[in-house]
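K.L.:
This structure is in structure tokens; I'll ask about it shortly.
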Amino acid sequence: DMRFSPSQEVTAADIINTSSEAKLARLIKIYGEEGYSHQIARHIVQERPIRTTLQLAQTIEQAVGTRRGRIHPATRTFQALRIAVNHELEHLEAALKQAINLLGFDGRLVVISYHSLEDRIVKQFMHQESRDCICPPGTPACICRHTASLQLINKKVITPSPAEVQLNPRSRSAKLRTAKRIDTQD
């Protein structure tokens, strides 16, 4: 299922059992950042109907084999399905924009992301909102009239220390970014 809310119509099962091989491969590659997306999609289509998460995990394992490493071979595909079903990246973008309007002067925006797709969105958003001009490079004069609404507190991302990861293994992929609301009045 993988839906965060039962009011959402599309489930992971719907995507797995009805999407074309090309669409599945694209979804797994983009949202899961999976290098074996085409092999996985091909195996999923061949094994349809997929009825359980165990069947899906086994199908993916057959497609790519067992890997030596920290994560199960199906992890990235499950991530991709969850992101697609719940429109997570679109919700993140909307939440970041709303956060700017909700923050008072000097208010802090603190975001923890757990994978590179989320972190890329957060990083680009904070960078853009900390600049006065966002015109494309090479534009002779600023025409965007954009004014900075954030000031970056930490220029670089904050990641967990090895000691933190030892205490809390789930923190290994966490990235924290911070900014504060600045006065946009002249």
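K.L.:
What's the angle, to the nearest 10 degrees (0 to 90), between helix 37-47's Cα axis and the longest principal axis of the chain?
P.N.:
Approximately 40 degrees, to the nearest 10.
K.L.:
Under a 10 Å cutoff between Cα atoms, tell me which one of Ala12, Ala141, Ala99 has the largest fluctuation in the Gaussian network model of the chain.
P.N.:
Ala141
K.L.:
Calculate how steeply helix 53-64 sits against the longest principal axis of the alpha-carbon atoms of the chain, using the helix alpha-carbon long axis, and give the answer as 0 to 90 degrees to the nearest 10.
P.N.:
For helix 53-64, the angle is close to 90 degrees.
K.L.:
Also, I was wondering about something else. Mean residue ellipticity at 222 nm from the helices of the chain, using -39,500 (n - 2.57) per DSSP H segment of n ≥ 4 over the full residue count, to the nearest 500 deg cm²/dmol?
P.N.:
Computed mean residue ellipticity for the chain: -14500 deg cm²/dmol.
K.L.:
If you don't mind, there's one more thing I want to ask. Could you tell me how many degrees, from 0 to 90 and to the nearest 10, lie between the Cα long axis of helix 88-102 and the main elongation axis, the longest principal axis, of the Cα atoms of the chain?
P.N.:
20
K.L.:
Still on this structure, I have one more. Given points 7 Å out from each Cα along the Cα-Cβ axis, report the Asn154 to His127 separation in nanometres with one decimal.
P.N.:
1.8
K.L.:
If I take R0 = 22 Å and measure r between the Cβ atoms of Glu21 and Gln55 in this structure, what FRET efficiency does the formula 1/(1 + (r/R0)^6) give, to the nearest 0.05?
P.N.:
0.80
K.L.:
Once you place label points 7 Å from the Cα toward the Cβ at Thr66 and Ala95, how far apart are they in nm?
P.N.:
So the two model labels end up 3.6 nm from each other.
K.L.:
Report which label in (i) -0.75, -0.91, -0.98; (ii) -0.71, -0.84, -0.89; (iii) -0.62, -0.84, -0.97 holds the value of log10 I(q)/I(0) by the Debye sum over Cα atoms at q = 0.12, 0.14, 0.15 Å⁻¹ derived from the coordinates of this structure.
P.N.:
(i)
Here, each number is a calculation from the coordinates, and none is a lab measurement. Owing to the predicted nature of the structure, the values given are computational and were not obtained by experimental measurement. Note: ideal-geometry Cβ built from the backbone for every residue, glycine included; neighbour counts use all protein chains shown.
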